[in-house]
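Colleague: Dumping the structure here so I can ask a few things about it.
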Amino acid sequence: MLIIYCCQLELHDSLYYATREIGRLYETEPVIHNYALCYALGLVDSKIYSTTVVEKHSYRYFCPEQVPKYEEHLTPLNEQGIYLTPSFAVNYTATLNTWKYANNNYHVEMEKTQKNIPSFGRAKEIAPESRFEFFVISQKQLKLPKWIRLGKWMSKCELTIQEVSKIKLKTGDFTFPHLLNPLDVMFTHQVVSYDVVNMPPVSLIQNVSICQGQYYEFDNPNKTEKLRLPAKMQYRFKA
């Protein structure tokens, strides 16, 4: 059984994370990585196996150490037949916030100083009421949460889910206009051309042209034309 969900996210708070840092400007690209979506939707709330102990952590609100474990956390989703695409902006607006801070070395090193030198930075955030869209491919029915949190400020987002219909598996040349993770798609498909969206931990691609590859064709609930989504995508990682 194959199920594809078309999911839309609407921001109820401003969304911030540093896609890129340009001097004192910290910019948020209107893109949500598929790794981040897995954590936000609670799909990574599973057992973590190590050589000595078996622990269970919720990575939705707390991370016990600042060491990425994407391969360890996301590989179980391959075994369950669950895959999420990155999320692209349907419509969005950005806000620019300036923050200031003072030199407080004397608090840390107990230095005497007569100077109080202020500094500043700017954060470009995605404004509330912006909407994003992504797709979930699953081999079973999923019960996804209605509300999730994203970004550095744990911004509140509302999730709307629609199950797509008339799914057909086809082979041929096709183009997928939205975002994909190149590690997940290039292993099984011959990618001819694409545009790059630079962001950590893995840059994404969009407007992807694929030669003689398998794809799922279905009616997009939010648009009139059919959509062709690459088939057999799984989470893959660099050696």
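The values are calculated or read from the model by the stated rules, or taken from the named source; none is laboratory data. Source: prediction; values computed, not measured. For neighbour counting, all protein chains shown are included, and Cβ atoms are generated from backbone atoms with ideal geometry for every residue, glycine included.
Colleague: Could you tell me whether LYS166 is surrounded by fewer than 14 Cβ atoms within 10 Å (Cβ to Cβ) and either touching a residue at least 60 places away in the same chain (Cβ under 8 Å) or not in a strand (DSSP E or B) (or both)?
Modeller: It is true that LYS166 is surrounded by fewer than 14 Cβ atoms within 10 Å (Cβ to Cβ) and either touching a residue at least 60 places away in the same chain (Cβ under 8 Å) or not in a strand (DSSP E or B) (or both).
Colleague: Another question, then. Could you tell me whether LYS143 is among the basic types (Lys, Arg) and either part of a strand (DSSP E or B) or free of Cβ contacts under 8 Å to residues at least 40 places away in the same chain (or both)?
Modeller: yes
Colleague: Consider the range 1-46. How many of its residues are assigned to a strand (DSSP E or B), in contact (Cβ under 8 Å) with a residue 40 or more places away in the chain, farther than 13 Å from CYS157 by Cβ and hydrophobic (A, V, I, L, M, F, W, C)?
Modeller: Going through the range 1-46 one residue at a time, the tally reaches 5.
Colleague: Would it be correct to say that LEU227 is modelled with pLDDT of 95 or more and surrounded by 12 or more Cβ atoms within 10 Å (Cβ to Cβ)?
Modeller: Spelling it out, it is not the case that LEU227 is modelled with pLDDT of 95 or more and surrounded by 12 or more Cβ atoms within 10 Å (Cβ to Cβ).
Colleague: Then there is this: For the condition among the polar types (S, T, N, Q) and more than 20 Å from the chain's Cα centre (by Cα), what is the one hit in SER155, SER138, SER209?
Modeller: SER209
Colleague: Right, next: Could you tell me how many of the residues in the range 178-200 are in a loop (DSSP other than H, G, I, E, B) and exposed (fewer than 13 other Cβ atoms within 10 Å of the Cβ)?
Modeller: The qualifying residues number 3.
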